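The values are calculated or read from the model by the stated rules, or taken from the named source; none is laboratory data. Just so we're clear, the structure is a prediction, and the values are computed from it rather than from any experiment. Glycine gets a Cβ as well: all are built from the backbone with ideal geometry, and neighbour counts include every protein chain shown. Side chains included, ligands, DNA and RNA excluded: accessible areas come from the protein's heavy atoms. Shrake-Rupley method; radii C 1.70, N 1.55, O 1.52, S 1.80 Å.
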Amino acid sequence: GRGEKIQKIDSLGRFIALLVVPDVSVSTKRVYENYVHNQTLFDTLWAHIQAALEKKSLDFTGPMCANMLETSCFQMYTELAQLKDRIEQLCRKRVCLSGSGSSMFMLFREDDANIQTCQRIVKNDLGVSCRIVNNNRW
């Protein structure tokens, strides 16, 4: 789909995220135009995500973050792919593309002090804007 199909999931517990906001303007229209659907990849990711969600824990779902637009976005904006790889190397944490880009995020347990270290690395060492955000119960 296009994000029009949503369903409520049970709480994954309290968590925080580091939102990475690169100074790169991504054209959502162009990312979608460049997108080629890979049904095999979709089916594989969907099965893994469903299994992780059943465990109702950030420990299982955090590493499973997946975005079918990532390939399309990173083909067109290689600097974002390189930034993602660099952050993952330095922070030793899975980085996920948000939507069609350019923002990315990392998930942490609420009490994980490593988020401060990753924020410093992204902001000071890589020169990329980032903020710590909390999950919200609406």
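List of remarks:
- Residues within the range 120-129 that are touching a residue at least 12 places away in the same chain (Cβ under 8 Å) and open to solvent by 40 Å² or more (accessible area, probe 1.4 Å), tallied: 3
- Residues satisfying the stated conditions in the range 70-105, i.e. on the phi > 0 side of the Ramachandran plot and open to solvent by 50 Å² or more (accessible area, probe 1.4 Å): Arg92
- Hits in the range 14-41 - residues which are open to solvent by 80 Å² or more (accessible area, probe 1.4 Å) and either more than 13 Å from Ser100 (Cα to Cα) or of a type in the set (Lys, Arg) (or both): Arg14, Asp23, Lys29, Arg30, Val36, His37, Gln39, Thr40
- Residues (over 13 Å from the mean Cα position of the chain (by Cα) and among the charged types (D, E, K, R)) located in the range 63-111: Glu79, Arg86, Arg92, Arg109, Glu110, Asp111
- Close pairs (6 angstrom Cβ cut-off, 6 or more residues apart or separate chains): at pLDDT below 80 in the range 44-60, part of a helix (DSSP H, G or I) and open to solvent by 50 Å² or more (accessible area, probe 1.4 Å) anywhere: Ala52/Phe60
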